[in-house]
Structures are given as structure tokens and as C-alpha cells.
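J.: Okay, handing you the structure first.
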Amino acid sequence: MRIFEKDELKILWPFYLEYFMASMLYVFPAFSVIYFLSIGLSAVQIGMIIAVAPLASLIFEIPTGAFADLYGRKLSVLVGYFLECSVMLSLFFFKNYFVLLLLFLILGIASTFSSGSKDAWVVDLINKKNKHLVHNFFTKMQTFIYSGLILSGILGAFLVKFFGLGIIWLASATSYFISIVLLSVFAKEVYVKKKIELADSFKNLKNQTSTALHYSYKHHVLFYLLLSIMVASISMSLQAAISWTPLLKEFGVQDYAFGYLWSGMSLMAAISPLFATKFMKKGKEKRFIVLALILCATVTSLILFVSSLVPALLILFISLLFGYSKNPVQSVYFHKFIPTKLRATISSVESMFLSIGLIISPPIAGFLVDNIGPKYTIFISAIVMIPAILLFSKIKE
């Protein structure tokens, strides 16, 4: 059985290596909520910090996506990674709540330079070299990312246990530095940059953005797909680390052990594309995604009956399996309806809709955790998934 298709590694090895190496040191998601709790922040404050990054993304996503379409995806990605690296280094030194808000605001702006643009960069390269590799790329991309994150949890547990929670920011900054080196030196780009005057560039940015929004709104698939993605992101944010972390701490999980938990979650995410490949038939992407959403919501709702660690972990892992398995399928399904010249911009429209969900839900999750507890917050997230399922079901290809 061949793991890689013909020419796949020749074309994509820098991206696969970067996904794996950078993910291995990207430890802060596993410990960020614990870190913020350890410096005295409430769940609502943590929710506000989490929400401010997607708020910045919402404002800057489409213009920076248009920037990538006009001036090149590679430059856009590298600029974003440099800014994100700088923010991670700064987070090591500052603990003031308002400074943290500012840093996460900058982090959100920085992320818009790479979100959408990176996928568009790789998809354009594949379409130029070998169009049949698109499915393989999105599946293997997730596998490489979460394989690295499996090791990141183990490494993070070691670092936190011996050096304290603050080390997570230095390790994560290093992950961005690795990405910058690998992509700038080894990754190729086939996109031809447009040579225009500065005065014309703002006009072109406006036109590109307007075209992408109009195209997405009028498209009979993209409109409902984007709305469904937004609602699903709200649901998943309500049951994210801001809810699960305090619940698992109630069940006795130690701070450093969240690294091992992160490794287990990453393992589940790494095998989920294989789950999708086994059960999804080509051309049936929509049916698979709807089924995955239904199963994720059903399993999550069982949290209401849990009172100990083991069943809580089972619910967490199984819901993650269904949630992650739809991601590569959804990416392929999404890009199937986008023309090349608008690929990065419309990908940024998708990120904008995700940002709306991520802005709304963390403060709400924090408020709910502070007032009704993490268990009921997670249960509510399952209820919120129902509108996403209904919206996706309305898609008529």
C-alpha cells in the first residue's frame, strides 16, 4: 500500500515537514487556559482574551486575504508567522490583563496573513503540478499536524512540570520560527505576483474583497456552507478548553497532565482523517459532514450524566473523533466551488465567518462556566450544534 502518490513528496515535502515540526513545539493551546487561571483571571476574562484574536481577524481577514491574492501567498504567510512569533515571545514577559488583550489582538491580526493564504498557496501549487493530489494534501496535512501535536503534548508536559507554565510561550515562539525557516527556504510558489502602483493596490483590494463577498453570498452552496461553519464554530467554542479545563480539574487532573491529555486529543485528531477516508464515498461529502455533526452533538450531550473522569474523557475523545473527521472533507468540499483567482480571498471569507463564531462564544462560555458550571456549558454546546446541522442540510448542489 502506497502512503504517498507519485510526485506528492517532490511537490509537498516542505509543507508536510513544516506542519509536523512546527506542531511539535506548538504547546500553548494545551495549557493556555490553565496558565490564565494560574495568574488569577476569571473565566469571563479568559473568554474575552480568547475572543479578541478572532475579533481582529474579522476586521483584517478579507483585506489580508486579498493582499495574498494580489502580492503572493508566500509573502503573506511569512509576514503572519513573523508577527505571531513576536507575540508569543511577548506573552512570556507580560501578565497584565489589558496587555494580554492587546497582545491577543495583535495575534489575531497576524494570523489573518496566513489563514486562507497558506491553503491557497498549496492548492495553486498542486493544481499547477498535479491536480489529483488535492484530496491527499488535505487529509495528510491534518495527519502531519496532529502527529506533531501528539509529541507536543508530551513535550509540553515535561516542560511545564520542570520549568513552569510560562515556558509554553517560548516553545510556541520557536514553532513559528521553524515555520519561517522551512517555508522561506524550501517551499515553492507558482503564483505570479501582480505589479501595480501603491495607489491602485487599495482599489484592487477593495474590488477583490467586494467580489469575494458577492460571490459567496450568491453562490447556492457557499452561502449555507459558510453559515453552517459559523454556527458549528460557536458550538465547538462553547465546549473548548475554557469549559473542559475547569471540569477536568474538578475531576483531579494536574496542570502538567493536560499535556498528556493534549497528546491523546491530538492522536484522535490524527487518526480521524483515516476514519473519514474509510467511511466517506467520493461525491458524498455533504452527507458525511452532516452525519459527523449529528454524532458529535449526540455524544457531547451525554456529558450531563457524567460525574467522574473516565466517562468524561470518553465523551471528549469520541466527540473529537467525529468533529475532526469532517475537517479534511469539509476543506475539499469548500474549495471545490471556488475559482483560483478568488481562492485566498474566499478562504478568508470562511475564516471571517469562523471568527464571528469565535468572537461570540468564548465570553458567553466564560460567563456560563462562572455561573452554571462547565458541565452544563458543554451540554449547551450540543444544543447549539443543531442549527448548524439544519443549515448544512439545506445545501442543494
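The values are calculated or read from the model by the stated rules, or taken from the named source; none is laboratory data. Not measured: the values here are computed from a predicted model. Backbone-built Cβ (ideal geometry, glycine too); neighbour counts: all protein chains shown.
J.: Is the stretch 341-359 home to any residue that is crowded, with 21+ Cβ neighbours inside 10 Å and of a type in the set (Lys, Arg)?
T.: Scanning the stretch 341-359 turns up at least one residue that is crowded, with 21+ Cβ neighbours inside 10 Å and of a type in the set (Lys, Arg).
J.: Looking at 133, 165, 101, can you tell me which residue is within 25 Å of residue 363 (Cβ to Cβ) and crowded, with 20+ Cβ neighbours inside 10 Å?
T.: The conditions single out 165.
J.: Pull up the stretch 1-24, narrow it to residues that are farther than 15 Å from residue 177 by Cβ and of a type in the set (D, E, K, R), then point me to the one that is nearest to the chain's Cα centre (by Cα).
T.: 8
J.: Also: If you check residue 96 against the conditions, is it surrounded by fewer than 20 Cβ atoms within 10 Å (Cβ to Cβ) and touching a residue at least 40 places away in the same chain (Cβ under 8 Å)?
T.: no
J.: Of the residues 75, 125, 103, 91, only one is more than 21 Å from the chain's Cα centre (by Cα) and among the hydrophobic types (A, V, I, L, M, F, W, C); which?
T.: Exactly one of 75, 125, 103, 91 is more than 21 Å from the chain's Cα centre (by Cα) and among the hydrophobic types (A, V, I, L, M, F, W, C), namely 125.
J.: Any residue in the stretch 151-160 that is of a type in the set (Ser, Thr, Tyr), part of a helix (DSSP H, G or I), modelled with pLDDT of 90 or more and at negative phi?
T.: Taking every residue of the stretch 151-160 in turn, at least one turns out to be of a type in the set (Ser, Thr, Tyr), part of a helix (DSSP H, G or I), modelled with pLDDT of 90 or more and at negative phi.
J.: Quick check on residue 334: is it within 18 Å of residue 237 (Cα to Cα), in contact (Cβ under 8 Å) with a residue 40 or more places away in the chain and either under 16 Å from the mean Cα position of the chain (by Cα) or not in a loop (DSSP other than H, G, I, E, B) (or both)?
T.: No, not satisfied.
J.: Check the stretch 130-146 and report whether any residue there is at pLDDT below 95, over 21 Å from residue 14 (Cβ atoms), under 16 Å from the mean Cα position of the chain (by Cα) and not charged (D, E, K, R).
T.: no
J.: So, one more: So, residue 80, is that one free of Cβ contacts under 8 Å to residues at least 40 places away in the same chain, in contact with a Ser or Thr (Cβ under 8 Å, 6 or more places away or on another chain) and not aliphatic (A, V, I, L, M) or not?
T.: yes
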